[in-house]
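All remarks here apply to the structure that follows.
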Amino acid sequence: MLALIVAMDPNQGIGIRSFLPWRIKEDLQLFKRTTEHHTIVMGETTFLGLPKPLPNRHTIVISRNPDLKFDHLDVSVEHDLYALFDRFQHSEEVVYICGGASIYQQALPYVQKLCISHVKKNYEVDTWFPPINWSMFEMVKEVEYDEFIYREYLRKD
């Protein structure tokens, strides 16, 4: 199953200068709990913004650069995003799409589940999550935290 995980402000802002505009400890802990021991997918810019590969996850980095390689057992490079979608869309394994904005936009038609931390405050951003056709999804879970509301949505059949 392809799932998408993201934190966004009320205007669907998700980043500034390739980084999160906020530092919300509870959301980072939730991201870790949700994605740990799963495969995660992110674009090259998002991956290179991390200080190191995230532990206890296999990371697939999407890149147009055919020479890109990482010397790490838990990191692989994929050049064909749509082949990756085909491979995991109906898989038993849950694979989390983790950004950035272009990867999210391309993944939206393929994901079965959205895991969204709706940050309560507006932040200065230069990157937004793409428009979502909410009629295609049904909210199945909601948990309120001090600084955000976490919601899970499943694609309607």
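Some points to look at:
- Low-density loop cleavage sites - GluC sites (Glu not before Pro) in the stretch 27-86, where at most 14 other Cβ are within 10 Å (DSSP): GLU36
- Share of carbon and sulfur in the accessible heavy-atom surface of the chain [1.4 Å probe, %]: 51 percent
- For the stretch 78-157 versus the stretch 21-36, the spacing of their alpha-carbon centroids is 15 Å.
- In the context of the full set of protein chains, residues of the stretch 38-117 present 51 Å² of accessible surface per residue (probe radius 1.4 Å, heavy atoms only).
- Computed with a 1.4 Å probe on the full set of protein chains, the accessible area for VAL119 sits at about 10 Å².
- Computed over the chain with a Gaussian network model linking Cα atoms closer than 10 Å, the most mobile of HIS38, HIS118, HIS58 is HIS38.
- Computed from the C-beta positions of MET136 and GLU78 and an R0 of 25 Å, the FRET efficiency is 0.45 to the nearest 0.05.
- Exposed-loop-free span, longest in the chain, where trypsin sites (Lys or Arg not before Pro) count as exposed if DSSP calls them loop and at most 15 other C-beta atoms lie within 10 Å: 70-119
- Computed over every Cα-Cα pair of the stretch 79-148 and binned at 10 Å starting from 0, the pair-distance distribution P(r) comes out as 15, 45, 33, 8 percent.
- Of all DSSP beta bridges in the chain, antiparallel share, percent nearest 5: 45 percent
- Length-normalised contact order of the stretch 70-157 in % [C-alpha pairs under 8 Å, at least 6 apart]: 26 percent
- As a length-normalised measure over Cα pairs under 8 Å and 6 or more apart, the relative contact order of the chain settles at 34 percent.
- Under 12 Å from LYS141, Cα to Cα: aspartates and glutamates that are on another chain or at least 8 residues apart: GLU152
- Dipole of the stretch 8-133 computed with +1 at Lys/Arg Cβ and -1 at Asp/Glu Cβ about the Cα centre; of LEU81, PRO55, VAL94, farthest Cα towards the positive end is PRO55.
- Stokes-Einstein diffusion coefficient of the stretch 18-88, Kirkwood radius over Cα pairs, 4 °C, 1.567 mPa s, in µm²/s: 98 µm²/s
- The heavy atoms of MET1 present about 60 square angstrom of accessible area, all protein chains included, probe 1.4 Å.
The values are calculated or read from the model by the stated rules, or taken from the named source; none is laboratory data. All figures in this text were calculated on a predicted structure; none of them were measured in a lab. Note that each Cβ is placed from the backbone with ideal geometry, even for glycine, and that neighbours are counted across all protein chains shown. Accessible surface is based on the protein model in full, side chains and every heavy atom, while ligands, DNA and RNA are left aside. Shrake-Rupley method; radii C 1.70, N 1.55, O 1.52, S 1.80 Å.
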